[in-house]
1. Does any residue in region 379-398 that is in contact (Cβ under 8 Å) with a residue 60 or more places away in the chain and not assigned by TED's automatic domain parsing to the domain that holds residue 342 come within less than 7 Å, Cβ to Cβ, of a residue that is among the acidic types (Asp, Glu) and part of a loop (DSSP other than H, G, I, E, B) six or more places away or on a different chain, and which pairs are these?
2. For region 275-297, which residues satisfy the criterion of being in a loop (DSSP other than H, G, I, E, B) and either in contact with a Cys (Cβ under 6 Å, 6 or more places away or on another chain) or closer than 19 Å to residue 208 by Cβ (or both)?
3. Need at least 1 residues that are farther than 22 Å from residue 388 by Cα per element, so show me which strands (runs of 3 or more DSSP E) inside region 333-372 make the cut, counting only ones lying wholly within it.
4. Tell me, please, whether a residue that is in contact with an Asp or Glu (Cβ under 6 Å, 6 or more places away or on another chain), outside any strand (DSSP E or B), in the same structural domain as residue 43 (by TED's automatic domain parsing) and surrounded by fewer than 24 Cβ atoms within 10 Å (Cβ to Cβ) can be found in region 86-93.
5. Could you tell me whether region 95-106 includes any residue that is touching a residue at least 40 places away in the same chain (Cβ under 8 Å), within 24 Å of residue 251 (Cβ to Cβ) and out of contact with any His (no Cβ under 7 Å at 6 or more places or on another chain)?
6. Looking at residue 296 and the list (1) crowded, with 16+ Cβ neighbours inside 10 Å; (2) touching a strand residue (DSSP E or B) at 6+ places or on another chain (Cβ under 9 Å), which single condition is not satisfied?
7. I need the full set of residues from region 159-191 which are surrounded by fewer than 18 Cβ atoms within 10 Å (Cβ to Cβ), in contact (Cβ under 8 Å) with a residue 40 or more places away in the chain and within 19 Å of the chain's Cα centre (by Cα), in order please.
8. Search region 128-144 for residues being out of contact with any helix residue (DSSP H, G or I) (no Cβ under 6 Å at 6 or more places or on another chain) and assigned to a loop (DSSP other than H, G, I, E, B), and hand back the single one that is farthest from residue 71 (Cα to Cα).
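The values are calculated or read from the model by the stated rules, or taken from the named source; none is laboratory data. Quantities reported herein were computed from a predicted structural model and do not represent experimental measurements. Cβ: placed from backbone, ideal geometry, glycine included. Neighbour counts: every protein chain shown.
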Amino acid sequence: MKQLTLFLISIIFLFSNATAQEGFDKLALTPPMGWNSWNTFRLEINEDLVKEVADVFIEKGLKDAGYEFVVIDDGWQIDRDEEGNIITNPDKFPSGIKDLADYVHTKGLKFGIYSDAGYETCGGFPGSLGYEYQDARQYAAWGVDYLKYDWCNTGNQSAPDSYLLMRNAIEKAGRPIVFSMCEWGLSKPWEWGEGIGNLWRTTLDIRPCWDCSKMGHINEVRVENFMGFTKILDLQEGLEIYAGPGHWNDPDMLEVGNGELTYDENVAHFSLWCILAAPLMLGNDVRNMSDEILEIVTNKELIAVNQDPLGRQGKKVRDDGDFEVWSKELNDGSRAVCLFNRSEEEAEFGFTWSEVGLPQNIDFKLRDLWLKEELGKFDGEYKAIVPSHGVVVVKVYN
């Protein structure tokens, strides 16, 4: 009888472990979509704000457009208790994280949280160094679905080892949690991140501007530590070979609707992140965004390009100075093509079929994904007038 009991326990354990691993295998098969508090609110977050954001996901159609993660960034934690358990700031989150996660889940959404691989977060709150398994168990108990894991105050730690440690802790905790590695691209995580994280930052932090930058120091090395979206875009070239279902390059959160970006710049920013198969994490105050910004971030035809199940990251196929052509292969064999004009004046330019990997001798249909209209059939090439700092995005199909 004892042997039978042990046998049954073993079977149950193996089945449960296989089920858990299957859950992890199904994470982030398309780039994650959601909202993160950092770009707009920094450390000024609280449970009322997060609940209002979750409500807006439903009211404004963000959930219907595909956005599902509501993620709180740095500033939710305050200390650890005598047993080392992370303590939530009671002034900001008086009901606790479990209650907040439950609220988000009642909306049919998923809840995300933030920590850091070092002894302190970037905001000076307790990091997870030395508490990885304890924190992972706590996140699982709270019902967390997404973890952004930062890289401040890490000293001489090994990034691959630190992220693998937390990844193992998450798996042992037993709840499938999307793992976002925010290491800023310092140790080329695209080369080692697959199988550890579901997405990894490829650059330092984004700012809501066209091409601004700010110099700073990381580990005593002088770097551009804040960049506009075009500077970040330039750093994505060549990384497309590392991305795919379950493991994505992350050029940072969207700044659409923030700062002084113009309408055309917002459209370009969103379009290029879709072409890149980048995670689409909104960084604006979605409660107060204009109808114009809402229309941009809920363009279902561009989102479909981003979420295409083939999981192919787009790439630049031509660079004529200020005039660029970016192309993304889609699951049905078609191409999404983005004409990007960096110049100060509108300009006419285009592309040929061969440049985007299609047979040159076939007539293809084109659809404009911002005008949302069919353009007709074209023979061998297509040209369009592209606004300054703007884009034209078409789907090329047979």
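1. none
2. Result: 276, 278, 279, 283, 284, 285, 286, 287, 288, 289, 290.
3. Here the list reads 335-341, 363-368.
4. yes
5. No, that holds for no residue.
6. Against the list (1) crowded, with 16+ Cβ neighbours inside 10 Å; (2) touching a strand residue (DSSP E or B) at 6+ places or on another chain (Cβ under 9 Å), residue 296 comes up short only on (2).
7. 191 - this is the single residue of region 159-191 that is surrounded by fewer than 18 Cβ atoms within 10 Å (Cβ to Cβ), in contact (Cβ under 8 Å) with a residue 40 or more places away in the chain and within 19 Å of the chain's Cα centre (by Cα).
8. So, considering only residues that are out of contact with any helix residue (DSSP H, G or I) (no Cβ under 6 Å at 6 or more places or on another chain) and assigned to a loop (DSSP other than H, G, I, E, B), the one farthest from residue 71 (Cα to Cα) is 130.
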